[in-house]
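Q: Have a look at the structure that comes next, please.
The values are calculated or read from the model by the stated rules, or taken from the named source; none is laboratory data. From a predicted model like this one, the values you see are computed outputs, not experimental measurements. Note that we place each Cβ from the backbone using ideal geometry, even for glycine, and neighbour counts take in every protein chain shown.
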Amino acid sequence: MSDGVGDIRREFTDLFDVYWAIGVAIWLLIAVLVVVFVVRYRARGDDDAAPAPGRSGNTPLELTYAGIVACIVAVLVWLTFSTMDDPGYRVTAQGLDRGEPPADAELVDVTGARWNWRFDYPRHGISEIGTDLRVPTLTLPEDRPVTLRMTSLDVIHAIWIPERRFKQDVFPGRTTTMTVVFPDQGFWRSGGQCNQFCGLRHAEMDFDIRVLSQADYDAWTRERGR
Amino acid sequence: MSAAPSVSLRRPTLVELLSATDHKRIGLATTVTALGFFFAGGVLALLMRTELAHSGMQFLDHDAYNQLFTMHGTTMILLFAPPVVMGVATYFVPLQLGAAEIVWPRLALLGYWLYLGGALTVWSGFLTEGGAARWAWFAFLPLSDSASSPGTGGDLWVLGVALSQLGVLLLGCSVMATIVRRRAPGMTLLRMPLFCWSMVATLLMVLVAWPVVLATMALLFIDRNVTDVFTVGGGSITYQNLFWFFAHPLVYVIFFPLVGAVGEVIATFSRRRFFGYRVTVLSLLLFAALSTSVWAHHMFTTQGVNNRFFSLTSTMIAIPAGIEYFAFLGTMWRGRIVLRTPMLFALGFVLLFLIGGLSGVFVASPPLDYHAHDSYVVVAHFHYTLFGGTVFGLFAAIFHWFPKVTGRRLSEALGIWQCALMFVGALLTFVPMFVLGFDGMPRQVADYPAFRDWDGLNLLSTIGAYMLLVAFLLFVVNVLRSRRIGEPAGPDPWGGQTLEWATASPPPRHNFDRLPPVRSYAPLLDLREERSRAERELGEAAGGADARRAPAAREEPAP
Ligand code: HEM
Ligand SMILES: [Cu+2]
Ligand SMILES: [Cu+2]
């Protein structure tokens, strides 16, 4: 893993673990309180209808409590924002997230059209497009940023790469970008999928992802390129 | 008491029910119609779940499935949920305020008719040659323009959504005017029942957001039929901004009223005053204000909005929501909890909505949402808010108020079974969706490849959905049973705290013969407390031993 590029999947997992732990803890806390209250304060048969003593509120207590919730919120927002400033997200997420694709990134022009994808590698003169029988394959070099410049010919699509825990929308008449870094070689069948409903065959608008070593990638670009 | 109640004990004919200006008739008609659409939307969901139980296409094709999820979403979130809360409010807000009738009853009636007509218009798309709309419930452009989605079904969708939501808006105006102008003598704003306050917050959002959906639908209609309105590049973002500016407040509109109703159920069945009334009211208003500044958290992946801003505002929603939970628990604390069916549904609401709320905080974080967005994680999240929240809250309200509306009780046994089945069913249906979505399953697909190993979890989810069906059928049986042999409820079967329980069940045409004094937001509880204080004093006069056994003797000194 080259320094400074960042692994967005790991960063996702780190952030997710915190949210998940806090969420589960709060749910369990409240569930336990509900059960305890129901058991402890359950009316006994005879005083079913009698009113229990009750106060209409305790404002200082409630405001203190609101302050505690606000602190949890502040911590979560801070964690989220600092994750967005981490290298992985700075590289991957662009546009108003203020990230920048690295200058040395490989470039792929992605075009979505109902219901297929085309990948153009402008530096190598390669064009990869799916057919009715076969989904296209996105070929990438290992451990190197690749910027996808994406647009659509018809309606909104989106590219979701669950393995990288990331997605971005693809619009007609606009260009959006995302930069993916796969730290390891491999092959992911249907590893990318359209993730914005786009009509009849949206469910089948996938592509495979193949990540090669830099040497194999160079060989592939020489062979496929013109 | 006069003989007035006997008038409304006669079963109204259908025409009477649909043309009457009595707020109770309008409210009931709206609620029952909305429940009909709930059932219809549920049937569509079952068809989807049946297809999804296994990988491979079994009995639907892609086109049919795409219509089904569009119409399921549209039906549930636009044709069932907002109307049902307006229906319940039209019935109960005037009663809780001690009002004889609603303000602008004809406007409300028109609202009902527009709603019914609009909803049928949307559904009539199924009868057209090309079928119903198939562009998801949010109808993003340019998928929804005339080039990408030609066909009458789409136009009927746009028209029907506009008409039905105009209906919701008119019903809302009438309820709002009633709250402003028809409160009983002595009922200051801070003596209104919690449900009425939750409606104030709801209706403020309706007044801000609903005109926007009307305008958006008008523009979409023009774009489809007259001339391009939304340009190809920025226009699709503009449409999303407009749509979510309406649709995010929308999801609070179908949630807040149930916070109010559940709060009252919890207070009633904990036999004490709602705890934290003022702060809860404040939090509802704060919540409503925030609701207009979070919409673009649906657009984190568009590169067209400021993700940090919308992440901040959306996460802040946890503060007012947290206050409401504190108030619920504070009300139960040291109460005398009576576990009747309304309370069971209310507790189901508390536990299940919480899953939706906490997962909402999760998707409000852009780095997490980049993965979860448009996956089954989101489907699971919003079903815990809509099913765990709106539907459980609604059943708490229905079991609570059914005796008031019909004069008869529902069966507790059937209700307990329904609640248990719904609770387990909601977990079984929607928890697997979290796992599936996390593992990469996108929403809005009729099929998934067998090599993913998603069959088992999907089958579980489908089994859960059928449990939910059984639960609803139990409810139908319960209602029918109650119409035949339900025990008479009397004016106040639960020991209610608010004014609707101070009149006959069902209430006479002008609601009240006589109003008790209103000295707090729980006027009937005040009377009951006064009575037990008097009894205690009497007991003390009679001798110490007796007094210690009387329940009221355990009362703490009032603050
Ligand atoms: C009765 C039990 C229910 C079941 C089994 C169920 C099932 C489903 C399923 C499987 C989907 C995903 C369809 C897809 O993306 O392919 C879905 C979508 C949806 N559901 Fe439900 N649902 C239920 C109740 C509700 C309720 C009560 C509401 C709202 C009040 C609701 C609102 C929605 C919405 C808005 C969508 C999104 C539709 C779209 O993507 O356009 N559902 N439901
Ligand atoms: Cu697509
Ligand atoms: Cu698509």
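Q: Filtering the stretch B:119-152 down to residues that are surrounded by 24 or more Cβ atoms within 10 Å (Cβ to Cβ) and in a helix (DSSP H, G or I), which residue is farthest from the other protein chains (Cβ to nearest Cβ)?
A: B:A119
Q: Every residue in the stretch B:355-367 that is more than 12 Å from ligand 1 (Cβ to nearest atom) and in a helix (DSSP H, G or I), please.
A: Listed by number, the residues that qualify are B:I355, B:G357, B:L358, B:S359, B:G360, B:V361, B:F362, B:V363, B:P366, B:P367.
Q: Can I ask one more? Residue check: is A:G199 assigned by TED's automatic domain parsing to the domain that holds A:P102 and either away from ligand 2 (no atom under 16 Å from the Cβ) or not in a loop (DSSP other than H, G, I, E, B) (or both)?
A: For A:G199, the condition - assigned by TED's automatic domain parsing to the domain that holds A:P102 and either away from ligand 2 (no atom under 16 Å from the Cβ) or not in a loop (DSSP other than H, G, I, E, B) (or both) - is not met.
Q: Can you tell me which residue is nearest to B:L109 (Cα to Cα) among those in the stretch B:18-45 that are charged (D, E, K, R) and in contact (Cβ under 8 Å) with a residue 40 or more places away in the chain?
A: Among those residues, the one meeting the criterion is B:D22.
Q: Next question, about the same structure. Can you pull out every residue in the stretch B:285-313 that is in contact with a Pro (Cβ under 7 Å, 6 or more places away or on another chain) and either touching a residue at least 60 places away in the same chain (Cβ under 8 Å) or closer than 20 Å to B:A522 by Cβ (or both)?
A: Those that are in contact with a Pro (Cβ under 7 Å, 6 or more places away or on another chain) and either touching a residue at least 60 places away in the same chain (Cβ under 8 Å) or closer than 20 Å to B:A522 by Cβ (or both): B:F287, B:S291, B:T292, B:F300.
Q: Would you be able to tell me the number of residues in the stretch B:246-294 that are among the basic types (K, R) and touching a strand residue (DSSP E or B) at 6+ places or on another chain (Cβ under 8 Å)?
A: 1
Q: Just checking, does the stretch B:498-516 include any residue being at pLDDT below 95, loosely packed, with under 14 Cβ neighbours inside 10 Å and on the phi > 0 side of the Ramachandran plot?
A: no
Q: For the stretch B:293-304, does any single residue satisfy the condition of being more than 30 Å from B:G234 (Cα to Cα), at pLDDT 95 or above and not polar (S, T, N, Q)?
A: There is no residue in the stretch B:293-304 that is more than 30 Å from B:G234 (Cα to Cα), at pLDDT 95 or above and not polar (S, T, N, Q).
Residue by residue, here is whether (1) at pLDDT 95 or above; (2) more than 9 Å from chain B (Cβ to nearest Cβ); (3) assigned to a helix (DSSP H, G or I) holds:
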{"position": "A:T13", "(1), (2), (3)": "yes, yes, yes"}
{"position": "A:I30", "(1), (2), (3)": "yes, no, yes"}
{"position": "A:V38", "(1), (2), (3)": "yes, no, yes"}
{"position": "A:S56", "(1), (2), (3)": "no, no, no"}
{"position": "A:C71", "(1), (2), (3)": "yes, yes, yes"}
{"position": "A:P102", "(1), (2), (3)": "no, yes, no"}
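Q: Kindly evaluate B:F392 against the criterion of being among the aromatic types (F, W, Y), more than 14 Å from chain A (Cβ to nearest Cβ) and buried (at least 23 other Cβ atoms within 10 Å of the Cβ).
A: For B:F392, the condition - among the aromatic types (F, W, Y), more than 14 Å from chain A (Cβ to nearest Cβ) and buried (at least 23 other Cβ atoms within 10 Å of the Cβ) - is not met.
Q: Considering only residues that are assigned to a loop (DSSP other than H, G, I, E, B), under 29 Å from A:R44 (Cβ atoms) and not aromatic (F, W, Y), which ones fall in the stretch B:317-354?
A: Within the stretch B:317-354, B:R334, B:G335, B:R336, B:V338, B:L339, B:R340 meet the criteria.
Q: Within the stretch B:292-316, work out how many residues are facing chain A (nearest Cβ under 7 Å) and in a helix (DSSP H, G or I).
A: Number satisfying all stated conditions: 6.
Q: Six or more apart or on different chains, Cβ under 7 Å: which pairs go from a residue in the stretch A:140-162 that's closer than 12 Å to A:M178 by Cα and facing another protein chain (nearest Cβ under 9 Å) to one that's within 11 Å of ligand 2 (Cβ to nearest atom) and among the β-branched types (V, I, T)? Could you list them?
A: Note: pairs meeting the criteria are A:A158/A:V170.
Q: If you check every pair at least six apart or on different chains, which have Cβ atoms under 9 Å apart with a residue in the stretch A:196-213 that is of a type in the set (A, V, I, L, M) first and a residue that is within 8 Å of ligand 2 (Cβ to nearest atom) and part of a strand (DSSP E or B) second?
A: As it stands, the answer is A:A203/A:C194; A:M205/A:G112; A:M205/A:H157; A:M205/A:C194, since those pairs meet every condition given.
Q: Look at the stretch B:213-250 and say how many of its residues are touching a residue at least 40 places away in the same chain (Cβ under 8 Å), β-branched (V, I, T) and surrounded by 21 or more Cβ atoms within 10 Å (Cβ to Cβ).
A: Counting residues in the stretch B:213-250 that are touching a residue at least 40 places away in the same chain (Cβ under 8 Å), β-branched (V, I, T) and surrounded by 21 or more Cβ atoms within 10 Å (Cβ to Cβ) gives 2.
Q: So, restricting to strands (runs of 3 or more DSSP E) that lie completely within the stretch A:127-196, which ones have at least 1 residues that are more than 16 Å from ligand 2 (Cβ to nearest atom) and assigned by TED's automatic domain parsing to the domain that holds A:P101?
A: In the stretch A:127-196, A:137-141, A:146-152, A:166-170, A:176-180, A:186-194 are the strands (runs of 3 or more DSSP E) which contain 1 or more residues that are more than 16 Å from ligand 2 (Cβ to nearest atom) and assigned by TED's automatic domain parsing to the domain that holds A:P101.
Q: Can you tell me which residues in the stretch A:137-185 are within 17 Å of A:E106 (Cβ to Cβ) and charged (D, E, K, R)?
A: Scanning the stretch A:137-185 gives A:E142, A:D143, A:R144, A:R149, A:R164, A:D184.
Q: Here is a list: A:V91, A:V24. Which entry is under 39 Å from the mean Cα position of the chain (by Cα), assigned to a helix (DSSP H, G or I) and either at pLDDT below 95 or facing chain B (nearest Cβ under 7 Å) (or both)?
A: A:V91
Q: Does the stretch A:202-226 hold any residues that are surrounded by fewer than 24 Cβ atoms within 10 Å (Cβ to Cβ), more than 16 Å from ligand 3 (Cβ to nearest atom) and not in a helix (DSSP H, G or I), and which are they?
A: Hits for the stretch A:202-226 are A:D208, A:I209, A:R210, A:L212, A:S213, A:G225, A:R226.
Q: Please work out if B:A53 is more than 14 Å from chain A (Cβ to nearest Cβ), under 30 Å from B:A177 (Cα atoms) and surrounded by fewer than 24 Cβ atoms within 10 Å (Cβ to Cβ).
A: no
Q: Suppose we filter the stretch B:368-409 for residues that are more than 16 Å from ligand 3 (Cβ to nearest atom) and not in a helix (DSSP H, G or I); how many remain?
A: Number of matching residues: 3.
Q: Also, I was wondering about something else. Condition (residue is in contact (Cβ under 8 Å) with a residue 40 or more places away in the chain and within 16 Å of ligand 1 (Cβ to nearest atom)) applied to the stretch A:166-180: is it met by at least one residue?
A: no
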